[in-house]
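*Asks:* Starting off with a structure, shown below.
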Amino acid sequence: MADKRFFHEQADRLAALQHALRQAFDPFGFAATALKAQQAWLQHPAELSDTLIDWGSDAWQWQQHSISRLAGAPDIDLFPSHPDDTRFADPIWSDSPQWDAIKEWYLFNTRWLQDVLYATPGLSEIERNRSAFWLRQWLNAIAPTNWFWLNPVALTKAALTRGDSAWQGYRNFARDAGRGDIPMTDMDAFKVGENLATTPGTVVHRSRLLEVIQYSPTTPKVKAVPIVIVAPWINKYYVLDLDARKSLIHYLVEQGYTVFITSWKNPGSDERDVGFDDYVTDGIATIVDVAREASGSAQVHLAGYCIGGTLTAIYLAWLARRGEADKIASATFLTTLTDFARPGDIDVFLDDEGLAFVERVMAQKGYLDGKEMASSFRMLRPNSLIWNYWVSSYLLGEAPTAFDVLYWNMDTTRMPQKMHSYYLREFYVHNKLIQPDALTIAGEPIDLARIETPLFMVGTQEDHIAPWQQTWALTAKAKGPVTFTLSTSGHILGIVNPPRPDSKRRYWQGEAKRGEEAEVWLGRQQAAAGSWWPSWVEWLAPRSGKDVKPPVPSTGLGPAPGRYVLE
């Protein structure tokens, strides 16, 4: 008996050691999966032989092509890159036989490695997708375009500027190494409250979790029912108030609406125990009550963006359970997930070991640093969001351009430990929000099928954070009328989509029938040109009551944008 206990203890210690080593050196399991793939190929020698023959055939073609190019043959783009891949867009990569050979060597090996990984016998779909993600990170990192001596564009510019571009690139690198990040924009070109978040307003409530901003009217009368916007706390709210030309808040105020918005506190170690319940009771429930009291309206329109929309859905079900659903005249969801079965590319970070790594990082500080989260999202599109800026700043010595959306993207926020761990495990991993009464939040079991509030939903075509087909899932749960809108562009620019004469964007909009598939709905819609903002205002109008005198804030804690957004 003692012997069995001894061996069980040793097995437990070995498992704990393996876990500790993986957490230290391979928290997301790429090395483990790569080893499994190697073993799988060794166990299938016939298939391995075929793949090596394929590589040999490609290598032979590359060799013959390179020799013929040196002899004066024209470029035939033997291994074409993806149409969206702009790394080799400069003509020198095709015009010069030597650089063309380097490019083609990289592209054919990249294609072969990825094909081999997907063809590996015995890998599960999850292992295949996650290992492919990390393989792409490595392949993108070692691209010749990212190395000064292998980038002909950088070498040419250095020669033409007599080394000045290389010196400036070094200075840019030294500057950014101190910041610990690769900037995507000129971080000195913007200041919140001066040329960002400038719509006039007043902070009318401040608590440990949020500030509530009430915006000043610009019309003689306003709609009786105000709009309450629940911004995501993964980023700061002012993406919806960049400047007067792009501001959704400014646009709504001009249309005669009283607008309130959440400006969430940027948590630190002291807020490690702030949970999801707090975001309901001290967050969204608070701003709704503040708006109702300030406006004198018994109802409000709710609009939630990203995780703010997820919170809005929970709050609607929470109110319905309490018999208080009549507080909300309508709800709008902007790129909002409620079913996390297919959450997009972010899924690669959410296996058990990866999640344990994130939780260990949070436990050390009491929060997840915004830079760590931003880095994860940038890795979903590494060539455009990482290496593009690496090349332009450090190899070409260029100054980053000033772009307000990118500044906002780098103005990161932190996530409190308790809330974020709950969110990742219960929503992303276990997908309990879509299950009736599987979650109890702020004292109430949550069932999205209790929602009968009229809904306006917006998804975006190129969203890699909240795929629109997945945001559609709420239409099968909610019992009230649903109008769904699909906008072109992605998670941010599909929402920050102001009406303008030169806009090339489009949207599809129509009633969502309960139980209808997303693609079926899309097939019966006609595309409309421009922004979806005016159609949303048109949808809100008959639900917004009479025109009344603008409410005057009864209390003021300072002008917008307030204090918390600057933290």
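The values are calculated or read from the model by the stated rules, or taken from the named source; none is laboratory data. What you are looking at is a predicted structure, and each value in this text was computed from that prediction instead of being measured. All Cβ positions, even for glycine, are placed from backbone atoms using ideal geometry, and neighbour counts span all protein chains on display. SASA here: full protein model, heavy atoms, side chains in, ligands and nucleic acids out. Shrake-Rupley method; radii C 1.70, N 1.55, O 1.52, S 1.80 Å.
*Asks:* Specify the residue that is least open to solvent (accessible area, probe 1.4 Å); the eligible residues are those in the stretch 540-563 that are at pLDDT below 95 and of a type in the set (Ser, Thr, Tyr).
*Replies:* Filtering the stretch 540-563 for residues that are at pLDDT below 95 and of a type in the set (Ser, Thr, Tyr), the one least open to solvent (accessible area, probe 1.4 Å) comes out as 555.
*Asks:* Here's a follow-up. Considering only residues that are open to solvent by 50 Å² or more (accessible area, probe 1.4 Å) and touching a residue at least 24 places away in the same chain (Cβ under 8 Å), which ones fall in the stretch 188-204? Walk me through it before giving the result.
*Replies:* Let us first name the residues in the stretch 188-204 that are open to solvent by 50 Å² or more (accessible area, probe 1.4 Å), namely 188, 191, 194-195, 198, 200.
Matches in the stretch 188-204: 195, 198, 200.
*Asks:* Name the pairs whose Cβ atoms lie under 7 Å apart, with the first residue in the stretch 212-226 and under 25 Å from residue 285 (Cβ atoms) and in contact (Cβ under 8 Å) with a residue 60 or more places away in the chain, the second open to solvent by 60 Å² or more (accessible area, probe 1.4 Å) and acidic (Asp, Glu), and 6 or more positions between them or separate chains?
*Replies:* 222/547; 223/547
*Asks:* For the stretch 509-519, which positions are among the small types (Gly, Ala, Ser) and either exposed (fewer than 14 other Cβ atoms within 10 Å of the Cβ) or touching an Asp or Glu at 6+ places or on another chain (Cβ under 8 Å) (or both)?
*Replies:* Going through the stretch 509-519, the residues among the small types (Gly, Ala, Ser) turn out to be 510, 512, 515, 518.
The one that is among the small types (Gly, Ala, Ser) and either exposed (fewer than 14 other Cβ atoms within 10 Å of the Cβ) or touching an Asp or Glu at 6+ places or on another chain (Cβ under 8 Å) (or both): 515.
*Asks:* List every residue pair whose Cβ atoms sit under 7 Å apart, with the two residues 6 or more apart in sequence or on different chains, where the first one lies in the stretch 68-87 and is free of Cβ contacts under 8 Å to residues at least 60 places away in the same chain and the second, anywhere, is surrounded by 12 or more Cβ atoms within 10 Å (Cβ to Cβ) and polar (S, T, N, Q).
*Replies:* Once the first residue is free of Cβ contacts under 8 Å to residues at least 60 places away in the same chain and sits in the stretch 68-87, its partners that are surrounded by 12 or more Cβ atoms within 10 Å (Cβ to Cβ) and polar (S, T, N, Q) give 75/94; 78/61.
Residue-wise test of (1) in contact (Cβ under 8 Å) with a residue 24 or more places away in the chain; (2) more than 16 Å from residue 471 (Cβ to Cβ).
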{"residue": "486", "(1), (2)": "yes, no"}
{"residue": "491", "(1), (2)": "yes, no"}
{"residue": "499", "(1), (2)": "yes, yes"}
{"residue": "503", "(1), (2)": "yes, yes"}
{"residue": "512", "(1), (2)": "yes, no"}
{"residue": "516", "(1), (2)": "yes, no"}
{"residue": "524", "(1), (2)": "no, yes"}
{"residue": "528", "(1), (2)": "no, yes"}
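*Asks:* Quick one: what pairs do we get from the stretch 44-61, first residue assigned to a helix (DSSP H, G or I), second surrounded by fewer than 10 Cβ atoms within 10 Å (Cβ to Cβ), C-beta under 9 Å, 6+ apart or different chains?
*Replies:* Going by the 9 Å Cβ cut-off, the qualifying pairs are 48/42.
*Asks:* Could you please find all residues in the stretch 539-567 being closer than 19 Å to residue 218 by Cβ and among the charged types (D, E, K, R)?
*Replies:* Once the filter is applied, which keeps residues that are closer than 19 Å to residue 218 by Cβ and among the charged types (D, E, K, R), the stretch 539-567 yields 546, 547, 549.
*Asks:* In addition: Could you go through the stretch 473-482 and let me know if any residue there is surrounded by 22 or more Cβ atoms within 10 Å (Cβ to Cβ), of a type outside the set (Val, Ile, Thr) and either touching a residue at least 40 places away in the same chain (Cβ under 8 Å) or out of contact with any helix residue (DSSP H, G or I) (no Cβ under 8 Å at 6 or more places or on another chain) (or both).
*Replies:* Checked against the condition, which is being surrounded by 22 or more Cβ atoms within 10 Å (Cβ to Cβ), of a type outside the set (Val, Ile, Thr) and either touching a residue at least 40 places away in the same chain (Cβ under 8 Å) or out of contact with any helix residue (DSSP H, G or I) (no Cβ under 8 Å at 6 or more places or on another chain) (or both), the stretch 473-482 yields at least one hit.
*Asks:* Another question, then. What residue, among those in the stretch 407-426 that are of a type in the set (A, V, I, L, M, F, W, C) and touching an Asp or Glu at 6+ places or on another chain (Cβ under 9 Å), is farthest from residue 494 (Cα to Cα)?
*Replies:* Of the stretch 407-426, the ones of a type in the set (A, V, I, L, M, F, W, C) are 408, 410, 415, 419, 424.
Checking which are touching an Asp or Glu at 6+ places or on another chain (Cβ under 9 Å) leaves us with 410, 415, 419, 424.
Details: 410: 19, 415: 25, 419: 28, 424: 25 Å.
Applying the filter and picking the extreme gives 419.
*Asks:* Can you name the residue in the stretch 520-539 that is open to solvent by less than 50 Å² (accessible area, probe 1.4 Å) and part of a helix (DSSP H, G or I) and is also nearest to residue 452 (Cα to Cα) among such residues?
*Replies:* 539
*Asks:* Which pairs have Cβ atoms under 9 Å, sit 6 or more apart or on different chains, and link a residue in the stretch 351-372 that is without any contact (Cβ under 8 Å) to a residue 12 or more places away in the chain to one that is surrounded by 14 or more Cβ atoms within 10 Å (Cβ to Cβ) and assigned to a loop (DSSP other than H, G, I, E, B)?
*Replies:* Filtered contacts from the stretch 351-372: 361/369; 372/412.
*Asks:* Okay, next question. Spot the failing condition for residue 524; the list is (1) out of contact with any Ser or Thr (no Cβ under 9 Å at 6 or more places or on another chain); (2) of a type in the set (Lys, Arg); (3) closer than 28 Å to residue 213 by Cα, and only one is missed.
*Replies:* Here residue 524 meets the rest and fails (3).
*Asks:* Only one of these is under 20 Å from residue 314 (Cβ atoms), of a type outside the set (Lys, Arg) and without any contact (Cβ under 8 Å) to a residue 12 or more places away in the chain: 438, 466. Name it. Can you show your working first?
*Replies:* Values: 466 fails: without any contact (Cβ under 8 Å) to a residue 12 or more places away in the chain.
Just one listed residue meets the conditions, 438.
*Asks:* Run down 256, 268, 169 and say which single residue is on the phi > 0 side of the Ramachandran plot and in contact with an Asp or Glu (Cβ under 9 Å, 6 or more places away or on another chain). Outline the logic, then answer.
*Replies:* Values: 268 fails: on the phi > 0 side of the Ramachandran plot; 169 fails: on the phi > 0 side of the Ramachandran plot.
It is 256.
Conditions tested, residue by residue: (1) touching a residue at least 60 places away in the same chain (Cβ under 8 Å); (2) farther than 25 Å from residue 347 by Cβ.
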site: 65; (1), (2): no, yes
site: 89; (1), (2): no, yes
site: 96; (1), (2): no, yes
site: 99; (1), (2): no, yes
site: 106; (1), (2): no, yes
site: 114; (1), (2): no, no
site: 120; (1), (2): yes, no
site: 142; (1), (2): no, no
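So that you can scan it fast, the table gives a plain yes or no per residue for (1) open to solvent by less than 10 Å² (accessible area, probe 1.4 Å); (2) small (Gly, Ala, Ser); (3) under 23 Å from residue 362 (Cβ atoms):
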position	(1), (2), (3)
222	yes, no, no
244	no, yes, no
273	no, no, yes
279	yes, no, yes
303	yes, yes, no
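*Asks:* A follow-up question, please. Residue by residue through the stretch 251-271, note down the ones that are surrounded by fewer than 22 Cβ atoms within 10 Å (Cβ to Cβ) and in contact with a Ser or Thr (Cβ under 7 Å, 6 or more places away or on another chain).
*Replies:* 254, 256, 266
*Asks:* Also: Are there any pairs with C-beta distances below 6 angstrom linking a residue in the stretch 158-169 that is over 9 Å from residue 394 (Cα atoms) to a residue that is open to solvent by less than 50 Å² (accessible area, probe 1.4 Å), with the two at least 6 apart or on different chains, and if so which?
*Replies:* Listed by first residue and then by second, the contacts come to 158/165; 158/166.
*Asks:* Related question: Condition check: β-branched (Val, Ile, Thr), touching a helix residue (DSSP H, G or I) at 6+ places or on another chain (Cβ under 9 Å) and open to solvent by 30 Å² or more (accessible area, probe 1.4 Å). Does residue 451 satisfy that? Full working, then the answer.
*Replies:* Working: β-branched (Val, Ile, Thr): yes; touching a helix residue (DSSP H, G or I) at 6+ places or on another chain (Cβ under 9 Å): yes; open to solvent by 30 Å² or more (accessible area, probe 1.4 Å): no.
Answer is no for this residue.
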